[in-house]
Amino acid sequence: MRQPVRLNLWFTALVCLTTIWFGRWNNAPYQTDLNIIRGDGQGFYAWLPAFFIHDDLSFEFYNDSTLNIEGFFSNRFLNEHDGKTILKTPCGEAVMLAPFFLANYILRTATGKISTGYEGSFQKAVSIGALFYYILGLYFFSLILRRFVQNEIAIALTVLLLAFGTNLFYYAIHHPTMTHVYSFALIASFVWLLFRFDETKKYHFIRLAATVFGLIYLVRPVNMIILATVPLICGNWKNTMHFIRGVFIPVEKFLVALVLFASIVFIQFGLNKMQCGDWFAWSYKNEGFNFLEPKFLSVLFSFNKGLFIYTPLVIVSIAGLFVMAKQSAFRAVSYLTFFVFITWIISSWWNWHYGSGFGMRPMVDFYAVLFIPLVFLLEQKGRVLTMTMFISTLLVGLNLFQTWQFNQWIIHPEEMNAGKYAYVFLRTGGKYENCLGGGNEDPMRVLKRDPVFSTSNDFEVAHREYWNEGKTCEVDEMANGGFHACCFNDSILYSSTLTLPANSKKYFEEDFYIEVTLDRWEDELHSAKNAVLVYTYFNLANETTWWNKLSLNDWPRDEFAVWRKAKYSLRMPKMEKGNACKIYVYNPEGKKFRIDNFKVDVFVYGDWDH
């Protein structure tokens, strides 16, 4: 049996590496070897250059213009704790990437090169690290599958389907600074170590598992819920109790494992202490879980990141429970219980769709468990196997195609819905690139019920801050109420602004939330396609200190000459003292459309209950 095992393992690794080669660094219009460290990944990676190169855990070095690295970091990753700065993101990914980072750093130093930590070779080192953990995770996944079946072809096919039929592929190759491929590898190895302990009763597997468990905590603390897989691993209730007893007894062995776990976890606590003097600082200020109001169905079925929409291969895997249950009903029930449990935890996060990303990304961490039932289907013969392979092959193709769409900005990274999904489904070409707008962010936590500030413009009177050289809004028989609307054309490119005043009131000194509503009319088909709603912060010197923009249209509807009400919601960062916020509509193409009943409401957050 050893030869087939090795053959399938090398075959799987070869196919994975070959595909990865064709998807290497320059695999998207916006991605080069100097743009691998981006998005939230900038925060996870930031520990490495801060600790090993710049010796600055206050992260002030990013403001040094001589280093030319300010574009690789954002102050949104920093929070204040006891008057000091603390990095929001945990250090686990940085710990796992440290060997790759240091190897590159030592090589550059030995050859006389100066390093900031963001040169192209560092960014490629991150990609290499992610690919290493991708393959490592798939390897341990194959070992887990052998605890259930002995059919090596079924195991190899299951590994390949997981590798290319899910968004694990995206996070391993296209966005390697996100934590998910690292968590996937850790959880796969942890589950396998628990299996080995259950089989052999040798305690060194628990010591290794305790070390890996510490890394799981460092990367993403909530992933410690992987402990809930113990019943699935053990196979029955009696064996589960025996397993738990074997972990804690004898006590002296358990204490050794506990020390190993604590020594890994201490890395984060030590960094907290170095930054702000508090071992147990909560870095995710004003963020947390609401376990009483989970968005359970949204996490599974929403067109904005829903697991079953963007990774439908999971449905095929769950169908394997019917076969799995014939061998062990206890394991099938344990799997289903674990799936419901992690979905509840994931859907309780304040931002249930987890912001920008491809698919339901926190689920990626648990794929080594979620795809276990799939191997039972692939072990079958006849029609069941044929149908499983036919459907799975189609879903692999869909996943790879939608990954490509996501990289081409055809699929919106944060705010999809059913209408948008239908508009771009299986579409290609420049017409569909960047065609979808956003503008409906969820608040970070519960908002106070009534707005603390409101301002509006129905365009019935000339506005004192009209941007077009004093021109007043035109009398418009098509106005949506009243007699006037803001009519855009090749000479009127800006609407009047609605202004939040300089923050003399406390509610602008913290993060807040804005809802903008307006009525929109397009004189011609898609005439407002590229129009945007602009948010800008200005200081006393009239300099822009922050800005954001949202597309006026959520997607290019094939309709015009009709009033459509639109709503845009945005989480706003606090304004520095003396700043003002101006909100207006910009018409870059000079095409004809109009807006009316332009209104802004400002809300502030209530207290967060951790």
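The values are calculated or read from the model by the stated rules, or taken from the named source; none is laboratory data. Please read these numbers as outputs of a predicted model, since none were measured by experiment. Every residue, glycine as well, gets a Cβ built from its backbone with ideal geometry; the counts of neighbours run over all protein chains shown. Just so you know, the surface numbers come from the protein's heavy atoms only, side chains and all, with ligands and any DNA or RNA stripped out. Shrake-Rupley method; radii C 1.70, N 1.55, O 1.52, S 1.80 Å.
Among the candidates 138, 87, 102, 131, which residue alone is touching a strand residue (DSSP E or B) at 6+ places or on another chain (Cβ under 7 Å) and either within 19 Å of residue 54 (Cα to Cα) or in contact (Cβ under 8 Å) with a residue 60 or more places away in the chain (or both)?
Within the list 138, 87, 102, 131, the selection yields 87.
With respect to residue 529, determine if the residue is basic (Lys, Arg), at pLDDT below 90 and either out of contact with any strand residue (DSSP E or B) (no Cβ under 8 Å at 6 or more places or on another chain) or open to solvent by 50 Å² or more (accessible area, probe 1.4 Å) (or both).
For residue 529, the condition - basic (Lys, Arg), at pLDDT below 90 and either out of contact with any strand residue (DSSP E or B) (no Cβ under 8 Å at 6 or more places or on another chain) or open to solvent by 50 Å² or more (accessible area, probe 1.4 Å) (or both) - is met.
Given the residues 154, 163, 185, which is the only one that is in contact with an Asp or Glu (Cβ under 6 Å, 6 or more places away or on another chain), open to solvent by less than 40 Å² (accessible area, probe 1.4 Å), part of a helix (DSSP H, G or I) and farther than 18 Å from residue 40 by Cα?
That would be 154, the only listed residue that is in contact with an Asp or Glu (Cβ under 6 Å, 6 or more places away or on another chain), open to solvent by less than 40 Å² (accessible area, probe 1.4 Å), part of a helix (DSSP H, G or I) and farther than 18 Å from residue 40 by Cα.
Inside the range 563-599, can you point out the residues that are among the aliphatic types (A, V, I, L, M), open to solvent by 10 Å² or more (accessible area, probe 1.4 Å) and modelled with pLDDT of 90 or more?
Matches in the range 563-599: 566 only.
For the range 266-279, how many residues are surrounded by fewer than 17 Cβ atoms within 10 Å (Cβ to Cβ) and touching a helix residue (DSSP H, G or I) at 6+ places or on another chain (Cβ under 7 Å)?
2
Looking at the range 280-302, which of its residues are among the charged types (D, E, K, R) and open to solvent by 70 Å² or more (accessible area, probe 1.4 Å)?
285, 293, 295
For residues that are open to solvent by 40 Å² or more (accessible area, probe 1.4 Å), more than 21 Å from residue 36 (Cβ to Cβ) and touching a residue at least 60 places away in the same chain (Cβ under 8 Å), tally how many sit in the range 57-82.
Selection size over the range 57-82: 3.
For the range 303-347, how many residues meet the condition of being surrounded by 22 or more Cβ atoms within 10 Å (Cβ to Cβ) and of a type in the set (D, E, K, R)?
Here the count works out to 1.
Kindly establish whether residue 116 is of a type in the set (S, T, N, Q), surrounded by fewer than 23 Cβ atoms within 10 Å (Cβ to Cβ) and either touching a Pro at 6+ places or on another chain (Cβ under 8 Å) or at pLDDT 95 or above (or both).
Details: of a type in the set (S, T, N, Q): yes; surrounded by fewer than 23 Cβ atoms within 10 Å (Cβ to Cβ): yes; either touching a Pro at 6+ places or on another chain (Cβ under 8 Å) or at pLDDT 95 or above (or both): yes.
So residue 116 passes the test.
Of these, 99, 176, which one is part of a helix (DSSP H, G or I) and out of contact with any Asp or Glu (no Cβ under 6 Å at 6 or more places or on another chain)?
Among 99, 176, only 99 is part of a helix (DSSP H, G or I) and out of contact with any Asp or Glu (no Cβ under 6 Å at 6 or more places or on another chain).
Quick check on my filter: what residues within the range 405-426 are polar (S, T, N, Q) and in a loop (DSSP other than H, G, I, E, B)?
408, 417, listed by residue number.
Select from the range 83-110 the residues that are farther than 30 Å from residue 365 by Cβ and either surrounded by 21 or more Cβ atoms within 10 Å (Cβ to Cβ) or modelled with pLDDT of 95 or more (or both) and list them in ascending order. First the steps, then the outcome.
In the first step, residues of the range 83-110 are kept if they are farther than 30 Å from residue 365 by Cβ; the result is 83-84, 106-110.
Matches in the range 83-110: 106, 107, 108, 109, 110.
Pull up the range 393-429, narrow it to residues that are of a type in the set (Val, Ile, Thr) and surrounded by 15 or more Cβ atoms within 10 Å (Cβ to Cβ), then point me to the one that is farthest from residue 559 (Cα to Cα). Walk me through it before giving the result.
So in the range 393-429, the residues of a type in the set (Val, Ile, Thr) come out as 393, 396, 403, 410-411, 424, 428.
Pick out the ones that are also surrounded by 15 or more Cβ atoms within 10 Å (Cβ to Cβ) and you get 396, 403, 410-411, 424.
Numbers: 396: 35, 403: 29, 410: 21, 411: 21, 424: 17 Å.
Ranking the candidates gives 396 first.
I'm checking my understanding of the structure. Among residues of the range 364-401 that are small (Gly, Ala, Ser) and in a helix (DSSP H, G or I), which one is farthest from residue 155 (Cα to Cα)?
Across the range 364-401, the extreme among qualifying residues is 397.
Among the residues that make up the range 355-370, is at least one of them under 19 Å from residue 300 (Cα atoms) and among the β-branched types (Val, Ile, Thr)?
yes
Name the single residue, out of those in the range 225-248 being of a type in the set (Phe, Trp, Tyr) and in contact with a helix residue (DSSP H, G or I) (Cβ under 6 Å, 6 or more places away or on another chain), that is nearest to residue 328 (Cα to Cα).
Step by step, filter the range 225-248, then rank; the result is 243.
For the range 326-361, which positions are part of a helix (DSSP H, G or I) and modelled with pLDDT under 95?
326, 327
Quick one: would you say residue 417 is at pLDDT below 85 and under 18 Å from the mean Cα position of the chain (by Cα)?
For residue 417, the condition - at pLDDT below 85 and under 18 Å from the mean Cα position of the chain (by Cα) - is not met.
Please go through the range 37-52 and pick out each residue that is open to solvent by less than 40 Å² (accessible area, probe 1.4 Å) and of a type in the set (A, V, I, L, M, F, W, C).
Answer for the range 37-52, where residues must be open to solvent by less than 40 Å² (accessible area, probe 1.4 Å) and of a type in the set (A, V, I, L, M, F, W, C): 37, 44, 46, 47, 48, 50.
Here's the yes/no breakdown for (1) part of a strand (DSSP E or B); (2) open to solvent by 10 Å² or more (accessible area, probe 1.4 Å); (3) in contact with a Lys or Arg (Cβ under 6 Å, 6 or more places away or on another chain); (4) charged (D, E, K, R):
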{"position": "496", "(1), (2), (3), (4)": "no, no, no, no"}
{"position": "519", "(1), (2), (3), (4)": "yes, no, yes, yes"}
{"position": "525", "(1), (2), (3), (4)": "no, yes, no, no"}
{"position": "542", "(1), (2), (3), (4)": "no, yes, no, no"}
{"position": "547", "(1), (2), (3), (4)": "yes, yes, no, no"}
{"position": "561", "(1), (2), (3), (4)": "no, yes, no, no"}
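Pick out the one residue from 507, 423 that is at pLDDT below 80 and aromatic (Phe, Trp, Tyr).
After ruling out the rest, the residue left standing is 507.
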